[in-house]
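Written out below as structure tokens is the structure these notes cover.
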Amino acid sequence: MPDIPHMPPTRLLTAVPICDGHDSAVNTVNLEFIRHGFEVVYLGYHRPARDIVRAALQEDVRAVGISSYNGGHVEFFTEVLRLLAEAGAPVRLFGGGGGTITQADAKIMEQRGVDRIFFAGTPLREVVAYARGISEEAFSGPVEMPPSYSDRALGRALSALERGLPGASAAPTGATRVRPAVKTLRIGVTGPGGAGKTTLIDELVLRFLHAFDSGSRVAILSHDPSLPGGGALLGDRATMIYSQHDRVFMRSSATRGQAGGVNATTECASDYLVRTGFFEAVLIETVGTGQEAIPFGAKPGYVDRMILVLPPDYGSRLQLQKIAMLDVADCVVVNKADRRGAKTAVSELEARLRDREDGVSLFLTQANRHRDAGVDRLFESLFRRCVKGA
Ligand code: B12
């Protein structure tokens, strides 16, 4: 067994099944998990079994927890188990659904391989104790890398990189590029919390899926902050629609004490994804950042394009003088174009960027609007070269 330098937080994934909008219980359970030091990838409600399993493999979680209140739980949990088994992933499945999952149903589910069902009124400390049991197990055996470079293998490789395991930084062997002539484009997306970075990325992904042929894939490395106790809610997937797709590989990471918007292994993880040759683009989304952050390094940094996303209400013109990214970003996006002050923001930014001699483009977008022309322009400016070559 290789030496494990430190024990990172245990990663769990939680979700609510398709046709079910009861997310109150899962939110309560998530909060309890992160308070106790777990990293929880939350997929949101109304999620098909396939989305849950794809996410579990890419995120390389130890266990999946499902909260189901609208019935059909026996079939739904069974389908998740079937897809996990098909992928050869030893991921535990657990969950709850108040009084709607009867003792008799739970018995059938457990016979089929569900690890544990929690009934109505279970004290949350019992749920946490169960998850602690999983984390102790997680590090008791050797880390085995699957032989092929499936999503599961990529997910495992990124976990090994995070833990600094020996040999983890090697590129997969025998990988062939989908388009040998095209260099993987690395795009860093940053900006303050609430600017709409995740929605903008999801819209760029939608355009990617339409513009590129069905063999090409895109990767996303997204980040959320760790709490002082080590737990984190990794919730970007819950707000994404188009990124729940087989052609998208997404990994959610916590900052784990690193300041600046990403974590200590992000650059390494993006290098790894580039070296696989599987992706046309790797998009890196930071946590909401402050004025002094330059998360991808000073220019040229480790990405090919740096995008700064700002909401129109960044404050006064004076605030713009203090934002370090305005000196290095390749694209500045004023998102939420429908908000008051968006046009003023554009002219103030034009003035702020006027002295930049290295070329910077300014875009006005409304990412939450379908087919927004500003997002179209941003996509074309990023991918023009690649799309033409497709
Ligand atoms: C709150 C609620 C709502 C809220 C949901 C708010 C929200 N955002 O979640 C609202 C009012 C919106 C709502 C709507 C509906 N509801 Co409703 N709702 C409930 C209610 C009253 C409570 C559920 C709840 O959140 N409990 C709080 C949790 C924390 O407590 P708990 O259930 O005991 O949870 C424990 C364990 O079960 C377990 N657990 C639960 N989930 C998980 C997950 C994990 C990972 C783990 C580890 C553990 C775990 O841990 C918890 C800790 O103790 C239940 C009745 C009930 N008493 O269960 C009906 C109930 C679930 N709803 C019901 C129905 C029918 C509906 C509607 C279809 C009504 C309608 N006709 O419009 C809609 C559907 C909404 C949708 N889009 O899916 C039915 C379902 C019937 C069925 N399946 O046979 C129920 C049972 C009410 C009833 N008796 O008829 N509902």
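The values are calculated or read from the model by the stated rules, or taken from the named source; none is laboratory data. Since the model is a prediction, treat every value here as computed from it, not as a measurement. Backbone-built Cβ (ideal geometry, glycine too); neighbour counts: all protein chains shown.
Ile108: more than 8 Å from the ligand (Cβ to nearest atom), at pLDDT 95 or above and either over 14 Å from Val64 (Cβ atoms) or surrounded by 20 or more Cβ atoms within 10 Å (Cβ to Cβ) (or both), yes or no? Yes: the conditions hold for Ile108. Residues of the stretch 112-127 that are more than 9 Å from the ligand (Cβ to nearest atom), aliphatic (A, V, I, L, M) and over 14 Å from Ile66 (Cα atoms): none at all. Looking across the stretch 77-90, the residues that are out of contact with any Lys or Arg (no Cβ under 7 Å at 6 or more places or on another chain) and either among the aliphatic types (A, V, I, L, M) or surrounded by 15 or more Cβ atoms within 10 Å (Cβ to Cβ) (or both) come down to Phe77, Glu79, Val80, Leu84, Ala85.
Tell me whether the stretch 352-374 contains one or more residues that are buried (at least 19 other Cβ atoms within 10 Å of the Cβ), aromatic (Phe, Trp, Tyr) and not in a loop (DSSP other than H, G, I, E, B). So far as the stretch 352-374 goes, yes, one or more of its residues are buried (at least 19 other Cβ atoms within 10 Å of the Cβ), aromatic (Phe, Trp, Tyr) and not in a loop (DSSP other than H, G, I, E, B). Restricting attention to the stretch 42-62, the residues being more than 20 Å from Asp224 (Cα to Cα) and either within 12 Å of the ligand (Cβ to nearest atom) or not in a helix (DSSP H, G or I) (or both) number 3. Residues that are outside any strand (DSSP E or B), in contact with a helix residue (DSSP H, G or I) (Cβ under 7 Å, 6 or more places away or on another chain) and at negative phi within the stretch 101-123 comprise Ile101, Asp105, Ile108, Met109, Arg112, Val114, Ala120, listed in sequence order. For Ile134, the stated conditions hold: it is within 13 Å of the ligand (Cβ to nearest atom), modelled with pLDDT under 95 and farther than 19 Å from Gly44 by Cα. Being over 16 Å from Arg125 (Cβ atoms) and assigned to a helix (DSSP H, G or I) is the filter here, so list the residues in the stretch 26-41 that pass it. Answer for the stretch 26-41, where residues must be over 16 Å from Arg125 (Cβ atoms) and assigned to a helix (DSSP H, G or I): Val26, Asn27.
Quick check on the stretch 2-12. Is at least one of its residues within 15 Å of Val127 (Cβ to Cβ) and either within 11 Å of the ligand (Cβ to nearest atom) or among the basic types (Lys, Arg) (or both)?
Restricting attention to the stretch 2-12, the residues satisfying the condition of being within 15 Å of Val127 (Cβ to Cβ) are 10, 12.
Okay, now just the ones that are also either within 11 Å of the ligand (Cβ to nearest atom) or among the basic types (Lys, Arg) (or both), so 12.
Looking for residues that are within 15 Å of Val127 (Cβ to Cβ) and either within 11 Å of the ligand (Cβ to nearest atom) or among the basic types (Lys, Arg) (or both), one finds at least one in the stretch 2-12, hence yes.
From the list Gly65, Gly72, the lone residue that is within 21 Å of Asp105 (Cα to Cα) and surrounded by fewer than 20 Cβ atoms within 10 Å (Cβ to Cβ) is Gly72.
Determine, yes or no, whether Arg207 is within 10 Å of the chain's Cα centre (by Cα), assigned to a helix (DSSP H, G or I) and within 22 Å of Val309 (Cβ to Cβ). For Arg207, the condition - within 10 Å of the chain's Cα centre (by Cα), assigned to a helix (DSSP H, G or I) and within 22 Å of Val309 (Cβ to Cβ) - is not met.
Out of the stretch 296-307, which residues are in contact (Cβ under 8 Å) with a residue 60 or more places away in the chain and either of a type in the set (S, T, N, Q) or surrounded by fewer than 24 Cβ atoms within 10 Å (Cβ to Cβ) (or both)? Before the answer, list the steps.
So the first thing to find is which residues in the stretch 296-307 are in contact (Cβ under 8 Å) with a residue 60 or more places away in the chain, and the list is 296, 301-307.
If the condition is that a residue be in contact (Cβ under 8 Å) with a residue 60 or more places away in the chain and either of a type in the set (S, T, N, Q) or surrounded by fewer than 24 Cβ atoms within 10 Å (Cβ to Cβ) (or both), then Gly301, Tyr302, Val303, Asp304, Arg305 are the ones that fit.
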